[in-house]
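Trainee: Here it is: the structure, laid out below.
Every number here is computed from the coordinates shown, using simple stated rules; none is lab data. These figures come from a predicted structure and were not determined experimentally. A quick note on method: Cβ atoms are made from the backbone with ideal geometry, for glycine too, and the neighbour counts reach across all protein chains shown.
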Amino acid sequence: MSNIAIEPQAPAGTGRQTRLRTWWATRKREMKLHKHSYILMAPYMLLFFSFTVLPVFMSLLISFTYFNMLEFPRFIGWQNYARLFLEDDVFLIAVKNTLLFAAITGPVSYMACFIFAWIINELGPKLRAFMTLVFYAPSISGNVYFIWQIIFSGDRYGIANAWLIKLGIILEPILWLKTEKYILPILILVQLWLSLGTGFLAFIAGLQTVDKTLYEAGAVDGVKNRWQELWYITLPSMRPQLMFGAVIQLTTSLAVADVSINIAGFPSVNYAAETIVTHLIDFGTIRFEMGFASAIATVLFILMVGTNLIVQRLLRKVGQ
């Protein structure tokens, strides 16, 4: 009977430890190679951790406490979340309004930003700069809400009522901002008008950085029209800007508050314009129930992260 050499089996966990040591060695080499970059990034990372990461973790911890800003936080477990989903009917209205608002304004504003950026990019340099300012200006204008309040004023002097009465569509003025069924559509309209902001500028910049020689190479490879150029060349070349614009537009649509407060009031009629952020403002800055407000913020944070991950996964398929 021949002797068969039996190799000793590696103990469990050895492979994992080897991979961990390899990963750590690779990180150490990269840190040594790019140490100057890490030094330059250190001030920003310190500020980012202090004013973004740390507050998020603190909010998560406070959400499990009763905290009224006067007494030391008292741990109460899941009571804030139970109260939020089982007892707070206004929060459920806010969630419904926010999701509906985001489902409409998020995709529409994202597409509008790209389409207008694509059209403006075809113009000459001077005209392109002027049109970019024209489209971007509403998002930074300070009196934009005043204009829309005039348009939807509830008397005969309101622009919308005046035109509808003149055309014979209505006989009496409509209280646009005091009638529940009109409030949310008006807010969506205003938000869409304000949506050409940072994401729009990112798309303009992304279109400017697309290598023009790719279009010549595409023509040689069989790209026949502008739509094929857009799908096979422009969009894949703009993936970082597309990702950034998606995050900005989605975050903006989920965190809407200023439009609701300035147009519909705070609180709005029958909470028709209530959003998660306005509900957070109510409990955080008016009632000072910081534990409950932190629970609202945590739910919003989870919602934002989840939707952003889904959108990023979808955008990775662009041009594939």
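Trainee: Could you order the peptides 127-140, 29-42, 258-271, 101-114 from most to least packed, using the average number of other C-beta atoms within 10 Å per residue?
Mentor: Descending packing order for the listed peptides: 101-114, 258-271, 127-140, 29-42.
Trainee: Right, here's the next one. How large is the Kirkwood hydrodynamic radius of segment 45-130, in angstrom, based on all distinct alpha carbon pairs?
Mentor: In segment 45-130 this quantity evaluates to 17.6 Å.
Trainee: In the P(r) worked out for segment 146-290, what percent of Cα pairs fall beyond 19 Å?
Mentor: So the portion of pairs separated by more than 19 Å is 66 percent.
Trainee: Using amide H atoms built in the peptide plane, which far-off residues or other-chain residues are under 5 Å from THR65 H to H?
Mentor: Those lying under 5 Å, H to H, from THR65 are ILE76.
Trainee: If one computes P(r) from the Cα atoms of the chain, what percent of pairs lie at distances over 36 Å?
Mentor: In whole percent, the long-distance tail amounts to 42.
Trainee: Quick one: if you stick a label point 7 Å off each Cα along the C-beta vector at LEU33 and PHE57, how many nm between them?
Mentor: The two pseudo-label positions are separated by 2.9 nm.
Trainee: Specify which residue in the list TYR38, LEU54, PHE91 is farthest towards the positive end of the charge dipole of segment 14-105, using unit charges on the beta carbon of Lys, Arg (+1) and Asp, Glu (-1), about the Cα centre.
Mentor: Checking the options against the dipole of segment 14-105, the answer is TYR38.
Trainee: Ranked by Cβ crowding within 10 angstrom, fewest neighbours first, how are LEU214, LEU54 ordered?
Mentor: The most exposed by this proxy come first: LEU54, LEU214.
Trainee: Could I ask something else about it? Counting Lys +1, Arg +1, Asp -1, Glu -1, what net charge surrounds ALA162 among other residues with beta carbon under 12 Å of its beta carbon?
Mentor: So the surrounding residues net to +1.
Trainee: If you don't mind, another one. Could you work out which residue, out of THR98, THR26, THR251, moves most in a Gaussian network model of the chain, that is, has the largest mean-square fluctuation with Cα springs under 10 Å?
Mentor: Highest fluctuation of the listed residues: THR26.
Trainee: Can you tell me the orientation of helix 125-140 relative to the chain, as the angle in degrees between its alpha-carbon axis and the longest Cα principal axis, to the nearest 10?
Mentor: 70
Trainee: If you don't mind, there's one more thing I want to ask. From Cα pairs below 8 angstrom and at least 6 apart in sequence, can you work out the relative contact order of segment 84-315, rounded to a whole percent?
Mentor: 28
Trainee: Taking the convex hull of the Cα atoms, report for segment 86-205 its projected area averaged over all directions, in nm².
Mentor: If you wrap the Cα atoms of segment 86-205 in a convex hull and average its projections, you get 10.2 nm².
Trainee: Go through segment 170-256 and name the trypsin sites (Lys or Arg not before Pro) that are in a DSSP coil and have 13 or fewer other Cβ atoms within 10 Å of their Cβ.
Mentor: LYS212, LYS224
Trainee: Can you tell which of ARG156, ARG19, ARG287 shows the greatest fluctuation in a Gaussian network model of the chain with Cα springs below 10 Å?
Mentor: Among ARG156, ARG19, ARG287, the largest mean-square fluctuation in the Gaussian network model of the chain belongs to ARG19.
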